[in-house]
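Taking it in order: structure first as C-alpha coordinates, then the write-up.
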Amino acid sequence: MIVILGSNITEASEEYQLTLDALSQLPGITTRIHQIQGAQQVLTELYLIGDTRKLSAEDIQALPGVERVIRVSEEYRILGRHQDGQRTSGFHYNGVAFSQDTLHVFAGLCAVDTPEHVELMLKALREHGQVCTRMGAYKPRTNPYSFQGHGKDCLPYVFDLAGRYGIKVIAMEVTHEDQVDEIHECLEQTGRPTGVMLQIGTRNTQNFELLKAVGRQREYPVLFKRGFGITLNESLNAAEYLASEGNSQVIFCLRGVKTNMGDPHRNLVDFSHVPVVKRLTRMPVCVDPSHSVGSRERAPDGILDLMHATAQGVVAGANMVLVDFNTAPAKALVDGPQALLMSELGWFLEDVALARECYEKRQALSQRRLHSD
Ligand code: PEP
Ligand code: MN
(Lines give C-alpha, C1' and ligand atoms only; values in the text may rest on other atoms or scores of the structure.)
(Ligands and ions follow the chains in the order given, each with its own letter.)
Protein backbone atom coordinates (compact mmCIF):
# COMPACT_ATOMS: atom_id res chain seq x y z
CA MET A 1 0.00 0.00 0.00
CA ILE A 2 1.28 3.47 -0.85
CA VAL A 3 0.28 6.52 1.16
CA ILE A 4 0.88 9.77 -0.71
CA LEU A 5 1.21 12.87 1.43
CA GLY A 6 0.08 16.31 0.34
CA SER A 7 2.73 18.29 -1.52
CA ASN A 8 2.97 20.86 1.29
CA ILE A 9 3.70 18.22 3.95
CA THR A 10 7.36 18.09 4.97
CA GLU A 11 9.26 16.18 7.64
CA ALA A 12 8.91 19.22 9.87
CA SER A 13 5.09 19.27 9.62
CA GLU A 14 3.00 18.16 12.57
CA GLU A 15 0.75 16.14 10.24
CA TYR A 16 3.78 14.19 9.02
CA GLN A 17 4.79 13.15 12.53
CA LEU A 18 1.20 12.27 13.55
CA THR A 19 0.70 10.10 10.49
CA LEU A 20 4.05 8.36 10.85
CA ASP A 21 3.30 7.65 14.52
CA ALA A 22 -0.10 6.18 13.62
CA LEU A 23 1.41 3.98 10.93
CA SER A 24 4.13 2.73 13.27
CA GLN A 25 1.39 1.34 15.56
CA LEU A 26 0.06 -0.99 12.84
CA PRO A 27 0.98 -4.57 13.80
CA GLY A 28 3.24 -6.41 11.33
CA ILE A 29 3.57 -3.40 9.05
CA THR A 30 6.76 -1.47 8.42
CA THR A 31 6.85 1.92 6.78
CA ARG A 32 9.44 3.05 4.28
CA ILE A 33 9.67 6.72 3.53
CA HIS A 34 10.29 7.66 -0.05
CA GLN A 35 10.93 11.18 -1.27
CA ILE A 36 10.67 12.23 -4.87
CA GLN A 37 12.38 15.38 -6.03
CA GLY A 38 10.12 17.24 -8.47
CA ALA A 39 10.88 20.42 -10.37
CA GLN A 40 9.41 22.63 -7.62
CA GLN A 41 8.91 20.49 -4.55
CA VAL A 42 9.60 17.23 -2.78
CA LEU A 43 6.75 14.71 -2.75
CA THR A 44 6.63 12.17 0.08
CA GLU A 45 5.28 8.66 -0.41
CA LEU A 46 5.05 6.17 2.44
CA TYR A 47 5.28 2.49 1.55
CA LEU A 48 3.53 0.12 3.92
CA ILE A 49 5.22 -3.26 3.78
CA GLY A 50 3.75 -6.43 5.26
CA ASP A 51 0.27 -7.91 5.02
CA THR A 52 -1.71 -4.79 4.16
CA ARG A 53 -4.83 -6.63 2.96
CA LYS A 54 -6.56 -6.22 6.31
CA LEU A 55 -5.86 -2.49 6.53
CA SER A 56 -8.68 -0.12 5.77
CA ALA A 57 -7.69 2.31 3.03
CA GLU A 58 -10.38 4.71 4.30
CA ASP A 59 -8.86 4.82 7.82
CA ILE A 60 -5.42 5.55 6.42
CA GLN A 61 -6.82 8.11 4.01
CA ALA A 62 -8.26 9.92 7.05
CA LEU A 63 -4.83 10.38 8.71
CA PRO A 64 -3.49 13.96 8.77
CA GLY A 65 -1.75 15.22 5.63
CA VAL A 66 -2.67 12.16 3.54
CA GLU A 67 -3.68 12.96 0.00
CA ARG A 68 -4.23 9.53 -1.48
CA VAL A 69 -3.90 5.84 -0.70
CA ILE A 70 -3.13 3.31 -3.42
CA ARG A 71 -3.29 -0.45 -3.12
CA VAL A 72 -0.48 -1.97 -5.14
CA SER A 73 0.09 -5.41 -6.55
CA GLU A 74 3.12 -7.36 -5.35
CA GLU A 75 5.27 -6.52 -8.34
CA TYR A 76 7.29 -3.37 -8.87
CA ARG A 77 5.66 -1.68 -5.88
CA ILE A 78 7.43 1.61 -6.30
CA LEU A 79 8.29 1.79 -9.98
CA GLY A 80 5.06 0.13 -11.14
CA ARG A 81 2.02 1.91 -12.46
CA HIS A 82 -0.71 0.12 -10.48
CA GLN A 83 -3.57 1.56 -12.51
CA ASP A 84 -3.02 4.96 -10.99
CA GLY A 85 -2.59 7.48 -13.75
CA GLN A 86 -2.10 10.35 -11.31
CA ARG A 87 1.24 9.36 -9.78
CA THR A 88 4.09 11.43 -11.10
CA SER A 89 6.40 9.80 -13.57
CA GLY A 90 9.92 10.95 -14.24
CA PHE A 91 12.28 13.39 -12.55
CA HIS A 92 14.50 16.39 -13.11
CA TYR A 93 18.23 16.10 -12.88
CA ASN A 94 20.74 18.94 -13.29
CA GLY A 95 18.21 20.99 -15.22
CA VAL A 96 17.15 18.19 -17.58
CA ALA A 97 13.66 16.63 -17.41
CA PHE A 98 13.29 12.87 -17.86
CA SER A 99 9.88 11.23 -18.15
CA GLN A 100 7.80 8.92 -20.31
CA ASP A 101 7.02 11.96 -22.49
CA THR A 102 10.50 13.34 -23.17
CA LEU A 103 13.27 12.20 -25.53
CA HIS A 104 17.02 12.68 -25.07
CA VAL A 105 19.91 11.32 -27.08
CA PHE A 106 23.02 10.25 -25.13
CA ALA A 107 25.60 9.94 -27.89
CA GLY A 108 29.19 9.46 -26.79
CA LEU A 109 32.15 7.20 -26.30
CA CYS A 110 31.71 3.59 -25.26
CA ALA A 111 35.04 3.95 -23.46
CA VAL A 112 37.02 7.10 -22.75
CA ASP A 113 40.42 6.82 -24.42
CA THR A 114 42.15 10.20 -24.69
CA PRO A 115 41.27 13.77 -23.62
CA GLU A 116 41.53 14.80 -27.31
CA HIS A 117 38.83 12.31 -28.34
CA VAL A 118 36.60 13.28 -25.45
CA GLU A 119 36.91 16.92 -26.45
CA LEU A 120 36.16 16.20 -30.13
CA MET A 121 33.04 14.30 -29.12
CA LEU A 122 31.77 16.96 -26.71
CA LYS A 123 32.48 19.78 -29.15
CA ALA A 124 30.45 18.00 -31.84
CA LEU A 125 27.60 17.47 -29.38
CA ARG A 126 27.52 21.14 -28.49
CA GLU A 127 27.49 22.07 -32.18
CA HIS A 128 24.38 19.91 -32.50
CA GLY A 129 22.67 21.40 -29.43
CA GLN A 130 23.04 18.27 -27.27
CA VAL A 131 23.32 18.44 -23.46
CA CYS A 132 23.73 14.72 -22.67
CA THR A 133 26.40 12.17 -23.48
CA ARG A 134 27.75 8.75 -22.56
CA MET A 135 31.34 8.22 -21.39
CA GLY A 136 32.66 4.87 -20.19
CA ALA A 137 35.35 5.08 -17.51
CA TYR A 138 34.81 1.69 -15.86
CA LYS A 139 34.34 -1.04 -18.47
CA PRO A 140 33.13 -4.56 -17.64
CA ARG A 141 34.98 -6.79 -20.13
CA THR A 142 34.50 -10.43 -21.03
CA ASN A 143 38.25 -11.00 -21.21
CA PRO A 144 40.30 -10.08 -18.11
CA TYR A 145 43.22 -9.03 -20.32
CA SER A 146 41.16 -6.54 -22.36
CA PHE A 147 41.31 -2.80 -21.63
CA GLN A 148 39.20 -2.18 -18.49
CA GLY A 149 38.71 1.57 -18.89
CA HIS A 150 40.79 4.40 -17.47
CA GLY A 151 38.72 4.43 -14.26
CA LYS A 152 39.01 7.38 -11.92
CA ASP A 153 42.10 8.76 -13.67
CA CYS A 154 40.04 10.07 -16.58
CA LEU A 155 37.23 11.58 -14.51
CA PRO A 156 38.79 15.04 -13.92
CA TYR A 157 39.26 15.81 -17.59
CA VAL A 158 35.96 14.22 -18.62
CA PHE A 159 34.03 16.36 -16.11
CA ASP A 160 35.99 19.56 -16.85
CA LEU A 161 35.51 19.19 -20.58
CA ALA A 162 31.83 18.31 -20.19
CA GLY A 163 31.32 21.53 -18.22
CA ARG A 164 33.20 23.51 -20.84
CA TYR A 165 30.94 22.21 -23.62
CA GLY A 166 27.66 22.64 -21.74
CA ILE A 167 27.00 18.95 -21.10
CA LYS A 168 24.53 18.51 -18.23
CA VAL A 169 24.31 14.73 -17.87
CA ILE A 170 26.86 11.98 -18.57
CA ALA A 171 25.72 8.35 -18.52
CA MET A 172 28.60 6.43 -16.90
CA GLU A 173 28.64 2.78 -15.96
CA VAL A 174 29.67 1.71 -12.48
CA THR A 175 30.63 -1.88 -11.74
CA HIS A 176 31.34 -1.43 -8.02
CA GLU A 177 29.89 0.84 -5.36
CA ASP A 178 33.30 2.42 -4.64
CA GLN A 179 33.16 3.96 -8.10
CA VAL A 180 30.09 5.96 -7.08
CA ASP A 181 32.25 7.59 -4.38
CA GLU A 182 35.06 8.20 -6.87
CA ILE A 183 32.63 9.93 -9.24
CA HIS A 184 31.13 11.94 -6.40
CA GLU A 185 34.51 13.05 -5.06
CA CYS A 186 35.75 14.05 -8.49
CA LEU A 187 32.60 16.05 -9.21
CA GLU A 188 33.10 17.86 -5.90
CA GLN A 189 36.78 18.52 -6.60
CA THR A 190 36.12 19.84 -10.09
CA GLY A 191 33.32 22.13 -8.82
CA ARG A 192 30.38 20.16 -10.24
CA PRO A 193 30.77 21.25 -13.84
CA THR A 194 28.35 18.54 -15.05
CA GLY A 195 26.08 15.76 -13.78
CA VAL A 196 26.29 11.96 -13.89
CA MET A 197 23.65 9.30 -14.47
CA LEU A 198 24.99 6.05 -13.02
CA GLN A 199 24.67 3.17 -15.45
CA ILE A 200 24.14 -0.42 -14.35
CA GLY A 201 25.31 -2.69 -17.16
CA THR A 202 23.58 -5.82 -18.37
CA ARG A 203 26.20 -8.00 -16.68
CA ASN A 204 25.19 -6.50 -13.35
CA THR A 205 21.40 -6.43 -13.76
CA GLN A 206 21.01 -8.94 -10.93
CA ASN A 207 24.01 -7.87 -8.87
CA PHE A 208 21.66 -7.13 -5.98
CA GLU A 209 24.33 -5.79 -3.61
CA LEU A 210 25.46 -3.26 -6.22
CA LEU A 211 21.81 -2.32 -6.86
CA LYS A 212 21.18 -1.82 -3.15
CA ALA A 213 24.27 0.37 -2.80
CA VAL A 214 23.42 2.48 -5.84
CA GLY A 215 19.80 2.64 -4.67
CA ARG A 216 20.83 3.98 -1.25
CA GLN A 217 22.22 7.16 -2.76
CA ARG A 218 19.69 9.62 -4.14
CA GLU A 219 21.95 12.18 -5.64
CA TYR A 220 22.52 10.50 -9.01
CA PRO A 221 19.80 9.02 -11.20
CA VAL A 222 20.33 5.54 -12.60
CA LEU A 223 20.29 4.14 -16.11
CA PHE A 224 19.45 0.50 -15.61
CA LYS A 225 20.14 -2.00 -18.41
CA ARG A 226 17.89 -5.04 -18.82
CA GLY A 227 19.64 -8.35 -18.25
CA PHE A 228 20.64 -9.98 -21.54
CA GLY A 229 19.75 -13.51 -20.43
CA ILE A 230 16.75 -13.12 -18.14
CA THR A 231 13.08 -12.33 -18.61
CA LEU A 232 11.72 -8.81 -18.75
CA ASN A 233 9.88 -9.45 -15.49
CA GLU A 234 13.14 -10.44 -13.77
CA SER A 235 14.83 -7.28 -15.03
CA LEU A 236 11.95 -5.08 -13.86
CA ASN A 237 12.10 -6.71 -10.41
CA ALA A 238 15.83 -6.04 -10.32
CA ALA A 239 15.22 -2.36 -11.15
CA GLU A 240 12.82 -2.25 -8.21
CA TYR A 241 15.79 -2.99 -5.89
CA LEU A 242 17.06 0.53 -6.63
CA ALA A 243 13.72 2.06 -5.73
CA SER A 244 13.19 -0.12 -2.66
CA GLU A 245 16.44 1.29 -1.25
CA GLY A 246 15.31 4.86 -1.88
CA ASN A 247 16.22 5.87 -5.43
CA SER A 248 13.33 5.83 -7.88
CA GLN A 249 15.02 8.09 -10.43
CA VAL A 250 15.53 5.16 -12.73
CA ILE A 251 15.52 4.88 -16.52
CA PHE A 252 15.08 1.39 -17.91
CA CYS A 253 17.25 0.57 -20.92
CA LEU A 254 16.52 -2.07 -23.56
CA ARG A 255 19.77 -3.30 -25.13
CA GLY A 256 18.83 -6.56 -26.83
CA VAL A 257 18.97 -10.10 -25.48
CA LYS A 258 21.60 -12.74 -26.06
CA THR A 259 20.60 -15.50 -28.44
CA ASN A 260 21.91 -16.61 -31.78
CA MET A 261 18.35 -16.09 -33.07
CA GLY A 262 19.40 -12.45 -33.35
CA ASP A 263 22.25 -13.23 -35.78
CA PRO A 264 23.75 -11.47 -37.61
CA HIS A 265 23.09 -8.79 -35.01
CA ARG A 266 25.07 -8.91 -31.77
CA ASN A 267 21.84 -9.36 -29.76
CA LEU A 268 18.18 -9.85 -30.58
CA VAL A 269 16.75 -6.34 -30.69
CA ASP A 270 13.93 -6.04 -28.12
CA PHE A 271 12.60 -2.55 -28.77
CA SER A 272 9.02 -3.83 -29.11
CA HIS A 273 9.18 -3.89 -25.29
CA VAL A 274 9.26 -0.06 -25.15
CA PRO A 275 5.46 0.26 -24.75
CA VAL A 276 5.37 -2.77 -22.43
CA VAL A 277 7.77 -1.21 -19.92
CA LYS A 278 5.88 2.09 -20.16
CA ARG A 279 2.62 0.31 -19.43
CA LEU A 280 3.91 -1.79 -16.52
CA THR A 281 6.02 0.89 -14.87
CA ARG A 282 6.44 4.66 -14.64
CA MET A 283 10.06 4.55 -15.74
CA PRO A 284 11.22 6.44 -18.81
CA VAL A 285 12.51 3.89 -21.34
CA CYS A 286 15.85 4.04 -23.13
CA VAL A 287 16.98 2.06 -26.18
CA ASP A 288 20.60 1.20 -26.86
CA PRO A 289 20.91 0.37 -30.57
CA SER A 290 24.73 0.08 -30.44
CA HIS A 291 24.89 -2.90 -28.09
CA SER A 292 21.74 -4.45 -29.61
CA VAL A 293 22.81 -4.39 -33.24
CA GLY A 294 26.57 -4.31 -32.76
CA SER A 295 27.65 -3.59 -36.32
CA ARG A 296 27.77 -0.93 -39.02
CA GLU A 297 26.01 -3.02 -41.66
CA ARG A 298 23.50 -1.22 -43.81
CA ALA A 299 20.39 -2.21 -45.75
CA PRO A 300 20.07 -1.67 -49.52
CA ASP A 301 18.18 1.57 -48.75
CA GLY A 302 21.48 3.00 -47.46
CA ILE A 303 20.32 3.20 -43.85
CA LEU A 304 22.47 1.46 -41.21
CA ASP A 305 20.73 -1.42 -39.34
CA LEU A 306 21.64 0.48 -36.18
CA MET A 307 19.70 3.53 -37.35
CA HIS A 308 16.75 1.39 -38.40
CA ALA A 309 16.68 -0.15 -34.92
CA THR A 310 16.93 3.29 -33.29
CA ALA A 311 14.00 4.54 -35.35
CA GLN A 312 11.96 1.47 -34.35
CA GLY A 313 12.54 2.28 -30.69
CA VAL A 314 11.76 5.97 -31.08
CA VAL A 315 8.65 5.36 -33.22
CA ALA A 316 7.47 3.10 -30.37
CA GLY A 317 7.85 5.96 -27.85
CA ALA A 318 11.37 5.55 -26.40
CA ASN A 319 12.44 8.38 -24.09
CA MET A 320 16.17 8.07 -24.46
CA VAL A 321 18.70 6.75 -26.96
CA LEU A 322 22.12 5.60 -25.73
CA VAL A 323 24.49 5.32 -28.66
CA ASP A 324 28.21 4.75 -29.24
CA PHE A 325 30.14 7.20 -31.40
CA ASN A 326 33.83 7.23 -32.03
CA THR A 327 36.29 9.75 -33.30
CA ALA A 328 38.52 6.98 -34.71
CA PRO A 329 36.57 3.66 -34.62
CA ALA A 330 39.42 1.67 -36.13
CA LYS A 331 41.57 2.64 -33.12
CA ALA A 332 38.78 2.39 -30.50
CA LEU A 333 39.82 0.42 -27.43
CA VAL A 334 36.27 -0.97 -26.92
CA ASP A 335 33.41 -1.71 -29.35
CA GLY A 336 34.86 0.10 -32.39
CA PRO A 337 32.94 -1.92 -35.01
CA GLN A 338 29.53 -0.78 -33.74
CA ALA A 339 30.37 2.91 -33.28
CA LEU A 340 28.93 5.61 -35.48
CA LEU A 341 31.32 8.14 -36.97
CA MET A 342 31.49 11.77 -35.97
CA SER A 343 30.49 12.71 -39.52
CA GLU A 344 27.26 10.74 -38.97
CA LEU A 345 26.14 12.60 -35.83
CA GLY A 346 24.00 15.20 -37.67
CA TRP A 347 22.40 12.50 -39.83
CA PHE A 348 21.69 10.32 -36.81
CA LEU A 349 20.05 13.16 -34.86
CA GLU A 350 17.95 14.16 -37.86
CA ASP A 351 16.81 10.57 -38.31
CA VAL A 352 15.87 10.36 -34.61
CA ALA A 353 13.90 13.64 -34.92
CA LEU A 354 11.96 12.22 -37.90
CA ALA A 355 11.10 9.08 -35.95
CA ARG A 356 10.02 11.17 -32.95
CA GLU A 357 7.77 13.29 -35.16
CA CYS A 358 6.21 10.09 -36.45
CA TYR A 359 5.64 8.86 -32.87
CA GLU A 360 3.99 12.15 -31.90
CA LYS A 361 1.69 11.93 -34.91
CA ARG A 362 0.83 8.33 -34.06
CA GLN A 363 0.06 9.38 -30.49
CA ALA A 364 -2.21 12.22 -31.70
CA LEU A 365 -3.95 9.80 -34.08
CA SER A 366 -4.66 7.36 -31.26
CA GLN A 367 -6.05 10.20 -29.09
CA ARG A 368 -8.41 11.25 -31.89
CA ARG A 369 -9.59 7.65 -32.27
CA LEU A 370 -10.16 7.22 -28.54
CA HIS A 371 -12.20 10.40 -28.37
CA SER A 372 -14.31 9.52 -31.39
CA ASP A 373 -15.20 6.05 -30.04
C1 PEP B 1 27.75 -0.10 -22.41
O2 PEP B 1 26.69 0.58 -22.56
O3 PEP B 1 28.88 0.37 -22.54
C4 PEP B 1 27.63 -1.53 -22.09
C5 PEP B 1 28.67 -2.23 -21.67
O6 PEP B 1 26.40 -2.01 -22.30
P7 PEP B 1 25.72 -3.39 -21.80
O8 PEP B 1 25.86 -3.41 -20.32
O9 PEP B 1 24.31 -3.23 -22.28
O10 PEP B 1 26.45 -4.49 -22.50
MN1 MN C 1 30.23 -1.04 -25.37
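The values are calculated or read from the model by the stated rules, or taken from the named source; none is laboratory data. No experiment lies behind these values; they were computed from the predicted model shown. In this analysis, Cβ positions are derived from the backbone assuming ideal geometry, glycine residues included, and neighbour counts consider all displayed protein chains.
Close contacts from region 303-316, counting a first residue that is at positive phi and in contact (Cβ under 8 Å) with a residue 24 or more places away in the chain and a second that is assigned to a strand (DSSP E or B) and buried (at least 22 other Cβ atoms within 10 Å of the Cβ), with Cβ to Cβ under 9 Å and a gap of 6+ residues or different chains, come to none at all. Residues that are of a type in the set (D, E, K, R) and closer than 20 Å to PHE106 by Cα within region 277-303 comprise LYS278, ASP288, ARG296, listed in sequence order. Looking at region 136-146, can you tell me whether even one residue there is crowded, with 18+ Cβ neighbours inside 10 Å, among the basic types (Lys, Arg), within 16 Å of ligand 2 (Cβ to nearest atom) and over 20 Å from ALA243 (Cα atoms)? For region 136-146, residues crowded, with 18+ Cβ neighbours inside 10 Å, among the basic types (Lys, Arg), within 16 Å of ligand 2 (Cβ to nearest atom) and over 20 Å from ALA243 (Cα atoms): present.
A quick yes/no check of all residues on (1) more than 16 Å from ligand 1 (Cβ to nearest atom); (2) of a type outside the set (D, E, K, R); (3) surrounded by fewer than 23 Cβ atoms within 10 Å (Cβ to Cβ); (4) closer than 23 Å to VAL285 by Cα:
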| position | (1), (2), (3), (4) |
| --- | --- |
| GLN189 | yes, yes, yes, no |
| ILE200 | no, yes, no, yes |
| PHE224 | no, yes, no, yes |
| ASN233 | yes, yes, yes, yes |
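Quick check: is even one residue across region 259-269 in contact with a strand residue (DSSP E or B) (Cβ under 7 Å, 6 or more places away or on another chain) and of a type in the set (A, V, I, L, M, F, W, C)?
Within region 259-269, one or more residues are in contact with a strand residue (DSSP E or B) (Cβ under 7 Å, 6 or more places away or on another chain) and of a type in the set (A, V, I, L, M, F, W, C).
When every residue of region 343-365 is checked against the conditions, none turns out to be within 16 Å of ligand 2 (Cβ to nearest atom), over 23 Å from ASP101 (Cα atoms), surrounded by fewer than 20 Cβ atoms within 10 Å (Cβ to Cβ) and over 24 Å from the mean Cα position of the chain (by Cα). Here GLN338 meets the list (1) touching a His at 6+ places or on another chain (Cβ under 7 Å); (2) within 16 Å of ligand 1 (Cβ to nearest atom); (3) not aromatic (Phe, Trp, Tyr) almost entirely, failing just condition (1). Give me a count of the residues in region 53-81 that are touching a residue at least 24 places away in the same chain (Cβ under 8 Å), under 20 Å from ASN237 (Cα atoms) and out of contact with any Phe, Trp or Tyr (no Cβ under 8 Å at 6 or more places or on another chain). The number of residues fulfilling the criteria is 8. Mind checking whether some residue in region 118-129 is outside any helix (DSSP H, G or I) and modelled with pLDDT of 95 or more? Yes - at least one qualifying residue is present in region 118-129.
The set of residues in region 317-333 being modelled with pLDDT of 90 or more and either under 14 Å from GLN199 (Cβ atoms) or not aromatic (Phe, Trp, Tyr) (or both) consists of GLY317, ALA318, ASN319, MET320, VAL321, LEU322, VAL323, ASP324, ASN326.
Hey, can you tell me all the residues within region 298-319 that are surrounded by fewer than 19 Cβ atoms within 10 Å (Cβ to Cβ) and in contact with a strand residue (DSSP E or B) (Cβ under 7 Å, 6 or more places away or on another chain)? Across region 298-319, the qualifying residue is only ARG298. Taken together, the residues in region 268-296 that are within 15 Å of ligand 2 (Cβ to nearest atom), surrounded by 20 or more Cβ atoms within 10 Å (Cβ to Cβ) and assigned to a loop (DSSP other than H, G, I, E, B) amount to 2. Taken over region 307-319, the residue count meeting the criterion of being more than 16 Å from ligand 1 (Cβ to nearest atom) and either under 21 Å from the mean Cα position of the chain (by Cα) or not in a helix (DSSP H, G or I) (or both) is 8.
Filtered by the rule that a residue be surrounded by 24 or more Cβ atoms within 10 Å (Cβ to Cβ) and part of a loop (DSSP other than H, G, I, E, B), region 320-338 gives no residues. Could you go through region 66-82 and let me know if any residue there is closer than 30 Å to ILE167 by Cβ and among the aliphatic types (A, V, I, L, M). Checking region 66-82: at least one residue is closer than 30 Å to ILE167 by Cβ and among the aliphatic types (A, V, I, L, M).
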